[in-house]
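Taking it in order: structure first as structure tokens, then the write-up.
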Amino acid sequence: MSNLALHQVTKQFGSVKILHGIDLDVRDGEFVVFVGPSGCGKSTLLRIIAGLEASSSGEIRLDDRLVNDVSAADRGLAMVFQSYALYPHMTVKQNLAFGLENSRMAKAEIEARVMEAARMLLIEPLLNRKPGQLSGGQRQRVAIGRAIVRRPGIFLLDEPLSNLDAELRVVMRAELAALHKRLDATMIYVTHDQTEAMTLADRIVVLRDGRVEQVGTPLELYNKPANRFVAGFIGSPRMNFIDAQVSQSGLDVGGRSHALPSIELALGTPVTVGVRPHELDITDVEDGTLALEITLVEQLGAETVLHGKTHLGGMFTLTAPGQGRFAVGDRIGVALPSQVHLFDAQGQAVASH
Ligand SMILES: Nc1ncnc2c1ncn2[C@@H]1O[C@H](COP(=O)(O)OP(=O)(O)OP(=O)(O)O)[C@@H](O)[C@H]1O
Ligand SMILES: [Mg+2]
């Protein structure tokens, strides 16, 4: 177990600035997940923490020790990549032991660590196979096993499950959560997957264009997104955004009104209303704050996802419980909930009560 502190970490490739002053504290034993759009700098940041890439400026501290100039091998971290990078000509056992043999550890100790990791990951029966004779999930477990045997202070995992099919991802997600508990390890995990981020993380770090947009527990980010970007990024299906103006009674949404008890903004101020697809009620067309013409119906069994065009011209998504009888072309009304998210012209969250 270790803790990590980043202070104003930047990275520049040539003249292009990729990371703009990242500050972050990761506590002992914490599971922190990095999310953000492709190219926002997640892998680069992880590689800088690992010591595989140098930062352009800023401080990286492990257990309160400045490690900017400490090599990857001496940082006591272990990284698991998306491409498992196993040695194809070695058996699983040899793959697990390889890193340790390089460090000249006693044979008995290597054997003990390999067997312990194999037991933990349920790959004991596979120890004599080669990677080519394993399924994707088994290979992934070997890759994680190689990190475990090193007993790192921090595990760094870069989209470790992205090569697996949906079903196996669910299984491996649960295994990772259990492993984190059992090892009591500090983990930093990069993913594109909403559900992985929400279910695995103690805290999520949302990155965008090399900047931290918000850090918080999954529910903090879901319930109180600091800005429109985070609001749209966390939660699936994604939050709807509608243009409105502050009015006497609350909001004017394209000529229809939505009551809100109090908003700390002047009358007429343009705002963006954010509502999640699960928070809406279907009404008669005339009664809703929004009128919607359905353009796509997705039956998921337990619920139905409806996509449509609002009377303001924008696209909108809502979910209705059960297997509702809706068809493309139907016109419905949508009632907004009494509590909505509001964002100002700069996309920052505005308090409303
Ligand atoms: N060695 C390099 N030289 C120049 N530019 C690089 C280098 N490595 C990464 N970049 C650029 O830095 C930016 C961030 O890349 P990074 O791989 O960190 O993104 P990411 O958030 O991990 O994306 P993804 O979700 O697609 O994996 C990208 O614009 C990328 O093109
Ligand atoms: Mg990446």
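A few notes on this one:
- Close Cβ contacts (under 6 Å, 6 or more residues apart or on different chains) running from residues in region 81-96 that are more than 13 Å from Pro160 (Cβ to Cβ) and assigned by TED's automatic domain parsing to the domain that holds Ala112 to residues that are more than 16 Å from ligand 2 (Cβ to nearest atom) and of a type in the set (Phe, Trp, Tyr) comprise Asn95/Tyr87.
- Among the numbered conditions (1) over 30 Å from Glu220 (Cα atoms); (2) free of Cβ contacts under 8 Å to residues at least 40 places away in the same chain, the only one that Gly76 does not meet is (2).
- Members of region 241-272 that are free of Cβ contacts under 8 Å to residues at least 12 places away in the same chain and surrounded by 14 or more Cβ atoms within 10 Å (Cβ to Cβ): Asp252
- Residues of region 64-89 that are at pLDDT below 95, in a loop (DSSP other than H, G, I, E, B) and touching a strand residue (DSSP E or B) at 6+ places or on another chain (Cβ under 9 Å): Asp64, Arg75, Gly76, Phe81, Gln82.
- Subset of region 118-138 (residues that are modelled with pLDDT of 90 or more and either assigned to a loop (DSSP other than H, G, I, E, B) or over 25 Å from Gly29 (Cβ atoms) (or both)): Ile123, Glu124, Pro125, Leu126, Leu127, Asn128, Arg129, Lys130, Pro131, Gly132, Gln133, Leu134
- For region 316-345, taking the residues that are without any contact (Cβ under 8 Å) to a residue 24 or more places away in the chain and not small (Gly, Ala, Ser), the one that is nearest to Val230 (Cα to Cα) is identified as Gln339.
- Cβ-Cβ under 9 Å pairs, at least 6 apart or on other chains, region 47-73 side free of Cβ contacts under 8 Å to residues at least 60 places away in the same chain and on the phi > 0 side of the Ramachandran plot, far side of a type in the set (Lys, Arg) and away from ligand 2 (no atom under 16 Å from the Cβ): Gly51/Arg75
- Within region 20-42, the set of residues being small (Gly, Ala, Ser), within 13 Å of ligand 2 (Cβ to nearest atom) and surrounded by fewer than 18 Cβ atoms within 10 Å (Cβ to Cβ) comprises Ser38, Gly39.
- Screening region 49-105 for residues that are among the hydrophobic types (A, V, I, L, M, F, W, C) and over 28 Å from the mean Cα position of the chain (by Cα) and picking the one that is farthest from Ala143 (Cα to Cα) gives Val70.
- Test: residue in region 47-61 that is near ligand 1 (Cβ under 9 Å from one of its atoms) and either modelled with pLDDT under 95 or part of a strand (DSSP E or B) (or both): no
- Of all positions in region 300-314, at least one carries a residue that is surrounded by 14 or more Cβ atoms within 10 Å (Cβ to Cβ), touching a helix residue (DSSP H, G or I) at 6+ places or on another chain (Cβ under 8 Å), closer than 30 Å to Phe34 by Cβ and not assigned by TED's automatic domain parsing to the domain that holds Val215.
- Per the conditions (1) touching a His at 6+ places or on another chain (Cβ under 9 Å); (2) surrounded by 13 or more Cβ atoms within 10 Å (Cβ to Cβ); (3) not in a loop (DSSP other than H, G, I, E, B), the sole criterion not satisfied by Leu296 is (2).
- Leu157 vs. criteria within 16 Å of ligand 1 (Cβ to nearest atom) and on the phi < 0 side of the Ramachandran plot: yes
- In region 106-118, residue surrounded by the fewest Cβ atoms within 10 Å (Cβ to Cβ) [restricted to those that are among the acidic types (Asp, Glu) and more than 34 Å from the chain's Cα centre (by Cα)]: Glu109
- Residues that are out of contact with any Gly (no Cβ under 9 Å at 6 or more places or on another chain) and within 16 Å of ligand 1 (Cβ to nearest atom) are absent from region 64-73.
The values are calculated or read from the model by the stated rules, or taken from the named source; none is laboratory data. Computed from a predicted model, the values in this text were never measured in an experiment. Positions of Cβ are generated from backbone atoms using ideal geometry, with glycine treated the same way; all protein chains shown enter the neighbour counts.
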